[in-house]
Each structure stands twice: as structure tokens, then as C-alpha cells.
Amino acid sequence: MKREGWIRGIDGRWILRFRYDWESWDQNPMVWIEKGKLQSNRIPLLKNRKRMRRESAVKLWKDMLETGWRRIDPQWD
């Protein structure tokens, strides 16, 4: 099962991808968060990737949506 979510910033430039870290899920649920943008050739430029506890990732997701970020369809693999 693939569990992930995508959001885009208000300016349309930056994209965040949230996805489960399945290796940690049973004992200490973690989520990978990738920040990137699509270049003009549609190839993603990934700026950073971090891993955080599920609870913190859920809070970040909700906070971003409250500040104007919007859910989007997947942008890269």
C-alpha cells in the first residue's frame, strides 16, 4: 500500500511530498518529507528531504494547509 500526500505552496513554486517510512512504521512511525519544484522540462529539482515522527508530520501538513498550501496530484516518482 502506497500512502503519500502532495501539497503546493501559494506561489505555486514549491511542492512538499509526504510519504510513510514503512521501515519504521511498526515501532516508531515516521514520515519522509521531500521539498522540491518542477523545472521547465518537468524534471523535479529536490531541495531537501527530512524524516520526522508521524504526529509532527500530520501537524505540519495541517499547518501548511491552513496557511494557503493546497493538495495536488503526485508530481514525480
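The values are calculated or read from the model by the stated rules, or taken from the named source; none is laboratory data. This one's a predicted model, so the numbers in the text were calculated from it and none came from an experiment. Positions of Cβ are generated from backbone atoms using ideal geometry, with glycine treated the same way; all protein chains shown enter the neighbour counts. SASA here: full protein model, heavy atoms, side chains in, ligands and nucleic acids out. Shrake-Rupley method; radii C 1.70, N 1.55, O 1.52, S 1.80 Å.
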- Item | Every residue from the stretch 62-77 that is farther than 26 Å from residue 41 by Cα and touching a strand residue (DSSP E or B) at 6+ places or on another chain (Cβ under 6 Å) | 64
- Query: Of all residues in the stretch 25-40 being open to solvent by less than 90 Å² (accessible area, probe 1.4 Å) and without any contact (Cβ under 8 Å) to a residue 24 or more places away in the chain, which is farthest from residue 75 (Cα to Cα)?
  - Reply: 25
- Of all residues in the stretch 51-63, how many are open to solvent by 100 Å² or more (accessible area, probe 1.4 Å) and either assigned to a helix (DSSP H, G or I) or closer than 17 Å to residue 77 by Cα (or both)? 3
- Task: Determine, yes or no, whether residue 61 is under 15 Å from residue 3 (Cα atoms) and not aliphatic (A, V, I, L, M).
- Result: yes
- Task: Can you work out which of the residues in the stretch 64-76 that are open to solvent by 50 Å² or more (accessible area, probe 1.4 Å), closer than 16 Å to residue 35 by Cβ and part of a loop (DSSP other than H, G, I, E, B) is modelled with the lowest pLDDT?
- Result: 74
